[in-house]
Amino acid sequence: MVKRGRTSEVPRREAKVLLAKAVEFMAMARLADSAEEHDASMLMSVHAAIAANDAICVALLGLRSSEPDHVRGVDLLESAAHLEEDVGTRVRQLRSLLEQKTPIAYTARRATASEARDGIRRALRFVEWAEQVVARARV
């Protein structure tokens, strides 16, 4: 059994709103990248993936993590593995992206152009998957 932490019930129809946020964050990640603002680009990519994860969990489970640690949201996604194919791969992708957040957001370390672009690519794959999951959930 996956430990998923505290959750909040959310009406499944709100998955589309959360997904729209993920898409918006992706647009901002690309804009920041084009302005060579690599830290902002990386963090917007991470937040896009977090919002996409929330959209998926709401669409599939009617739940979203209410824990301050975003890793608990990944655990919640993992608990939905029986409802959607490819969750294991997507969980690994999201965990990898989340590992980038703390060093860039809370230390003196700066994201490189290469890291920011890689973050965009990985987050975009996750957001595109979220779009498919939410569409299949028919919310």
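Listing for the model above:
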item: Criterion (buried (at least 16 other Cβ atoms within 10 Å of the Cβ) and more than 19 Å from Leu31 (Cβ to Cβ)) met by exactly one of Val127, Val133; result: Val133
item: Filtered residues of the stretch 80-124 (kept if under 14 Å from the mean Cα position of the chain (by Cα), surrounded by fewer than 18 Cβ atoms within 10 Å (Cβ to Cβ) and either among the hydroxyl-bearing types (Ser, Thr, Tyr) or assigned to a loop (DSSP other than H, G, I, E, B) (or both)); result: Thr89, Ser96, Glu99
item: Every pair of residues 6+ apart whose Cβ atoms lie under 9 Å, when the first sits in the stretch 18-39 and is within 20 Å of Glu128 (Cα to Cα) while the second is outside any helix (DSSP H, G or I) and at pLDDT 95 or above; result: Leu18/Val10; Leu18/Arg64; Leu31/Glu37
item: Some residue of the stretch 48-63 being touching a Cys at 6+ places or on another chain (Cβ under 7 Å), more than 16 Å from Ser96 (Cα to Cα) and in contact (Cβ under 8 Å) with a residue 40 or more places away in the chain; result: yes
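Rundown of residues vs (1) surrounded by 20 or more Cβ atoms within 10 Å (Cβ to Cβ); (2) assigned to a loop (DSSP other than H, G, I, E, B); (3) more than 17 Å from the chain's Cα centre (by Cα); (4) of a type in the set (A, V, I, L, M), yes/no style:
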{"position": "Ala15", "(1), (2), (3), (4)": "yes, no, no, yes"}
{"position": "Leu19", "(1), (2), (3), (4)": "yes, no, no, yes"}
{"position": "Ala32", "(1), (2), (3), (4)": "yes, no, yes, yes"}
{"position": "His47", "(1), (2), (3), (4)": "yes, no, no, no"}
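The values are calculated or read from the model by the stated rules, or taken from the named source; none is laboratory data. Since this is a predicted model, take the numbers as computed values, not measurements. Don't worry about glycine lacking a Cβ; one is built from the backbone with ideal geometry, like all the others, and counts go over all protein chains shown.
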